[in-house]
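This report refers to the structure that appears directly beneath it.
The values are calculated or read from the model by the stated rules, or taken from the named source; none is laboratory data. As the structure is a computational prediction, the values presented were derived from the model and not from experiment. When we count neighbours, we look across all protein chains shown, and the Cβ atoms used for this are built from the backbone with ideal geometry, even at glycine.
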Amino acid sequence: MSHTVVLIEDEPSISEPLAAALAGEGFDVAVAGTGRAGLDLIAQREPDLVLLDVMLPDIDGRDVCRTLRARSDVPVIMLTARGRETDRVVGLELGADDYVVKPFGMAELVARMRAVLRRAGQPAAPVEPPATTLQVGDVRLDERTWSATRGDTDLELARREFELLRLLMRNAGTVLSREQLMEEVWDPNWFGPTKTLDVHVSALRRKLGDDPTAPRYIHTVRGVGFRFAAPEELAG
Ligand code: CA
């Protein structure tokens, strides 16, 4: 699927060869010679990207960008003849995604266009970083240091034990089947006996000081799997 580009540029000596070259690169290009015509064309075509000249005969390209930003998230690359740093900064502060300084080469422009389109196509980065610590009751797990503690005691877990405890704690209160645990911690295509799971659960219980006949943290659900205690069970 080709990307639609609106090029707003008043100089035919620039816009004509540029439009032809971009069409040759596979873009679907529409050209406007004034800021006002450009805004109309963008409203009509809803392009994937806008190439916007700064020096236009009617509206300053920066005002076009500002107007556009108030109503659209379409990526904008400013085409500027002015090489002064202040103009560049102003262009980006207006909400432009990038800029190229005239005279620019096609290869440079197309590379920037593809980079901007790639960024625009990605989902927004999550605002909050993923959690790096987990706590259920007095058991605490830190993913940055691969360590786990119960109260003040370091549990000194082996890697698989840590991964198993992490998975159980992430799902605290919910039963995870033996198969789920094997697949997540050992092998996504695991099929076969689950003895190693019992060995690791036993080790975890021992390190947690859990009594296997009346466990407080890791509960056995017969015929199904295991469940880490819900926070409210450990609150008392
Ligand atoms: Ca111009």
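Points worth noting:
Every residue, every condition in (1) in contact with a Pro (Cβ under 7 Å, 6 or more places away or on another chain); (2) modelled with pLDDT of 90 or more; (3) in the same structural domain as residue 229 (by TED's automatic domain parsing), yes or no:
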| residue | (1), (2), (3) |
| --- | --- |
| 163 | no, yes, yes |
| 169 | no, yes, yes |
| 179 | no, no, yes |
| 189 | no, no, yes |
| 193 | no, no, yes |
| 199 | no, yes, yes |
| 205 | yes, yes, yes |
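- In segment 1-10, residue surrounded by the fewest Cβ atoms within 10 Å (Cβ to Cβ) [restricted to those that are assigned to a loop (DSSP other than H, G, I, E, B) and at pLDDT 95 or above]: 10
- Selection from segment 59-80 of residues that are closer than 19 Å to residue 29 by Cα and part of a helix (DSSP H, G or I): 61, 64, 65, 68
- Identity of the residue in segment 63-81, surrounded by fewer than 21 Cβ atoms within 10 Å (Cβ to Cβ) and more than 29 Å from the chain's Cα centre (by Cα), that ends up nearest to the ligand (Cβ to nearest atom): 81
- A count restricted to segment 19-58 and to residues that are away from the ligand (no atom under 16 Å from the Cβ) and not in a helix (DSSP H, G or I) stands at 10.
- Near pairs, Cβ below 7 angstrom, 6+ apart or cross-chain, from segment 58-75 (farther than 19 Å from residue 46 by Cβ) to any residue that is among the basic types (Lys, Arg): 58/36; 59/36
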